[in-house]
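Right, one structure below, let's go through it.
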Amino acid sequence: MSLKGKTALVTGSNSGIGLGVATELAKLGASVALNSYTDSPEDHDLAARIAKETGSTVVYVQGDMSKPEACREWVEKSAKILGQVDILVNNAGIQHVGPVEDFPISKWDAIIAINLSSAFHTTAAALPMMRAQGWGRIVNIASAHGLTASPYKSAYVAAKHGVVGLSKTVALETAEAPITCNAVCPGYVLTPLVEAQIPDTMKEYNMDRETVIRDVMLARQPSKEFATVEQLGGTVAFLCSDAAAQITGTTLSVDGGWTAL
Ligand code: NAD
């Protein structure tokens with residue numbers, strides 16, 4: 001499969017799943033815009049490194065996905081640099097855990113803004129360009145928490161269910177374009193974010209690393225294995241392929257069986 005001649009914009013892609021997706025799309029020949037809110041020299045070095053490794057054009061374009069105007073401007077700026085928008089992957093996300101009655105209002109607002117509203121704004125900005133060129137793929141990185149809930153994750157679960165609903169609606173509005181829009185729902189993926197939680201959880205439960213992973217983190221993931229960022233990259237690439245042209249408005253779980261339970 002080749003994505004040569006296509007461009008891909010991936011939000012929240014200087015780390016974790018977004019980086020895995022961006023790298024896979026660049027490997028397949030797409031020109032890629034990386035993103036985060038930081039704009040550090042490391043971000044630009046990262047883009048240069050992936051470009052060198054893959055032979056594709058890879059640029060870093062700063063954009064704060066917590067801000068509506070910045071989301072829209074980021075799409076326009078990236079499209080100007082790369083020439084067009086063929087693939088949009090909405091991946092930026094944050095997490096906060098706490099009971100509803102104590103959940104800080106600022107954390108609720110930030111999670112809804114970054115994990116849900118940014119996908120609305122980037123999609124609104126990208127669709128006119130996709131419609132004009134007659135092809136588009138929108139992939140929203142939701143979560144198993146877009147289909148099920150866990151206690152203490154009210155904002156995250158609400159945002160990810162919202163992402164699934166947004167994906168279905170966009171799919172219906174673009175079904176004849178032809179543009180597809182789908183939500184990918186990962187279970188636990190071993191990203192730096194998740195890796196960083198392991199030492200504290202080991203202390204909290206007085207368990208070794210393997211027990212924490214198996215009995216705490218992957219308690220609801222029947223495969224007892226993390227999904228990998230490479231597997232997520234491959235899943236997004238599949239949704240961008242011709243084989244997936246009639247897959248739209250649906251969710252694709254990459255969760256080791258979590259949502260089959
Ligand atoms: P991560 O922390 O490694 O990556 C998050 C990315 O979002 C980073 O690139 C960060 O810079 C970016 N980001 C955060 N705030 C931003 C902002 N205001 N503007 C622009 N970018 C911003 O985490 P990850 O685990 O790779 O998560 C990526 C996505 O996958 C998230 O939407 C997350 O909810 C989802 N997800 C992760 C898992 C998992 O187990 N890791 C499971 C299901 C879903």
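Ordering 118-126, 35-43 by mean Cβ neighbour count within 10 Å, with the highest value first, yields 118-126, 35-43. Scanning the chain for long hydrophobic helices, with DSSP H runs required to stretch 24 angstrom or more by C-alpha along their axis and to average at least 0.5 on the Kyte-Doolittle scale, returns 154-174.
Taking Q84, Q197, Q133 as the candidate residues, the one with maximal mean-square fluctuation in a Gaussian network model of the chain, Cα springs under 10 Å, is Q197. For Y60, the residues 5 or more places off, or on other chains, whose built amide H falls under 5 Å of its own are L34. For the chain, the carbon plus sulfur part of the accessible surface works out to 55%, probe radius 1.4 Å. In terms of overall dimensions, the stretch 51-141 has a Cα radius of gyration and Dmax of 15.4, 50 angstrom. GNM on the chain, alpha-carbon springs under 10 angstrom: the most fluctuating residue among M202, M217, M130 is M202. Database remark: amide H of I138 closer than 5 angstrom to the amide H of L88, T180, C181, N182 (H placed geometrically; neighbours at sequence offset of 5 or more, or on other chains; Pro and chain starts carry no H). For the peptides 186-193, 14-21, 103-110, the ranking by packing is 14-21, 186-193, 103-110, with the highest mean count of neighbouring Cβ atoms within 10 Å listed first.
If the chain between R209 and Q246 were fully stretched, how many nm would it gain, using 0.36 nm times the residue separation less the Cα-Cα distance? Value of the extension gain: 9.1 nm.
Scattering from the chain was approximated by placing one identical point on each alpha carbon and applying the Debye formula without solvent; log10 I(q)/I(0) at 0.14 1/Å stands at -0.93.
The values are calculated or read from the model by the stated rules, or taken from the named source; none is laboratory data. Quick caveat: nothing in here was measured; it's all calculated off a predicted structure. Cβ sites come from the backbone with ideal geometry, for glycine too, and all protein chains shown count toward neighbours. Heavy atoms of the whole protein, side chains included, go into the accessibility calculation; ligands, DNA and RNA do not. Shrake-Rupley method; radii C 1.70, N 1.55, O 1.52, S 1.80 Å.
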